[in-house]
Amino acid sequence: MGADSEFDPVLEADERFTLRSRPEIVAVLRSLAKQRSMVTVYFDQGREFILTTILAVNPDFHELVLDLGADTRANKLLLQATHLEVVGYEGRIKVQFSANHAEATVLEGHSAFRMRIPGAVLRLQRRDFYRVQLPMGKPIKAYLQPFAGRPDELHEAHLVDISCGGLAMILTTVDFLMEIGQV
């Protein structure tokens with residue numbers, strides 16, 4: 001694990017991004033399962049990990065079921081670990097939680113891991129508004145008119161993403177200046 005690793009204990013996280021409501025936690029975990037999002041389970045103080053997916057979320061049994069990783073040796077080591085960090089992405093939002101251990105189980109005839117549903121989940125969405133990426137194959141264009149200069153002059157821009165808080169665009173000309181907050 002290098003210094004740029006994603007292994008980062010939830011305990012050090014900003015409380016604004018920590019979910020503690022059981023229904024919210026179950027909803028986020030179910031979303032990860034439904035999206036078949038890859039999650040990384042780190043253990044042995046971040047020196048070992050497996051890539052897996054969440055197969056099932058069973059709140060009635062307080063359990064989360066994960067698929068086995070591809071590496072048999074790492075799967076065996078994970079079962080011996082006393083601290084696990086699980087990191088995944090719900091869309092582009094980082095989701096992270098801790099578990100004390102995992103145990104072997106079987107789901108629909110296939111070997112798997114199970115662990116307790118966590119009491120806290122870090123859902124690190126740093127933006128106030130979700131940004132929607134626009135298709136680059138069929139770019140949406142905007143035509144901007146500068147405040148100074150010729151009033152009939154238009155500059156073409158391609159929209160990159162958009163949210164309730166603003167948008168990002170690429171201008172095709174270099175002689176057009178805008179200031180932050182300019183409408």
| message | Just to verify a result, which residue in segment 84-103, among those that are among the polar types (S, T, N, Q) and open to solvent by less than 50 Å² (accessible area, probe 1.4 Å), is farthest from Ala33 (Cα to Cα)? | response | Ser98
| said: Go through (1) open to solvent by less than 50 Å² (accessible area, probe 1.4 Å); (2) modelled with pLDDT of 70 or more for Val106 and report which single condition fails. | reply: (1)
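Yes/no matrix, rows are residues, columns are (1) of a type in the set (S, T, N, Q); (2) over 18 Å from Glu108 (Cβ atoms); (3) open to solvent by 60 Å² or more (accessible area, probe 1.4 Å):
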{"site": "Gln35", "(1), (2), (3)": "yes, yes, yes"}
{"site": "Met38", "(1), (2), (3)": "no, yes, yes"}
{"site": "Asn58", "(1), (2), (3)": "yes, no, no"}
{"site": "Phe61", "(1), (2), (3)": "no, no, yes"}
{"site": "Thr72", "(1), (2), (3)": "yes, yes, yes"}
{"site": "Thr82", "(1), (2), (3)": "yes, yes, yes"}
| query | Out of segment 20-33, which residues are among the charged types (D, E, K, R) and open to solvent by less than 100 Å² (accessible area, probe 1.4 Å)? | reply | Arg22, Glu24
| request: Output yes when any residue across segment 41-52 is open to solvent by 60 Å² or more (accessible area, probe 1.4 Å), assigned to a strand (DSSP E or B), under 23 Å from Gly109 (Cα atoms) and out of contact with any Pro (no Cβ under 7 Å at 6 or more places or on another chain), and no when none is. | output: yes
| note | For segment 63-87, the count of residues that are among the charged types (D, E, K, R) and in contact with a helix residue (DSSP H, G or I) (Cβ under 8 Å, 6 or more places away or on another chain) equals 1
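Restricting to segment 53-77, name every residue that is assigned to a strand (DSSP E or B), out of contact with any Lys or Arg (no Cβ under 8 Å at 6 or more places or on another chain) and of a type in the set (S, T, N, Q).
Asn58
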| task | Six or more apart or on different chains, Cβ under 7 Å: which pairs go from a residue in segment 153-173 that's more than 10 Å from Pro139 (Cβ to Cβ) and in contact (Cβ under 8 Å) with a residue 24 or more places away in the chain to one that's of a type in the set (S, T, N, Q) and part of a strand (DSSP E or B)? Could you list them? | result | Asp161/Gln133
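The values are calculated or read from the model by the stated rules, or taken from the named source; none is laboratory data. Quantities reported herein were computed from a predicted structural model and do not represent experimental measurements. When we count neighbours, we look across all protein chains shown, and the Cβ atoms used for this are built from the backbone with ideal geometry, even at glycine. Keep in mind that these areas ignore ligands, DNA and RNA; they rest on the heavy atoms of the full protein, side chains included. Shrake-Rupley method; radii C 1.70, N 1.55, O 1.52, S 1.80 Å.
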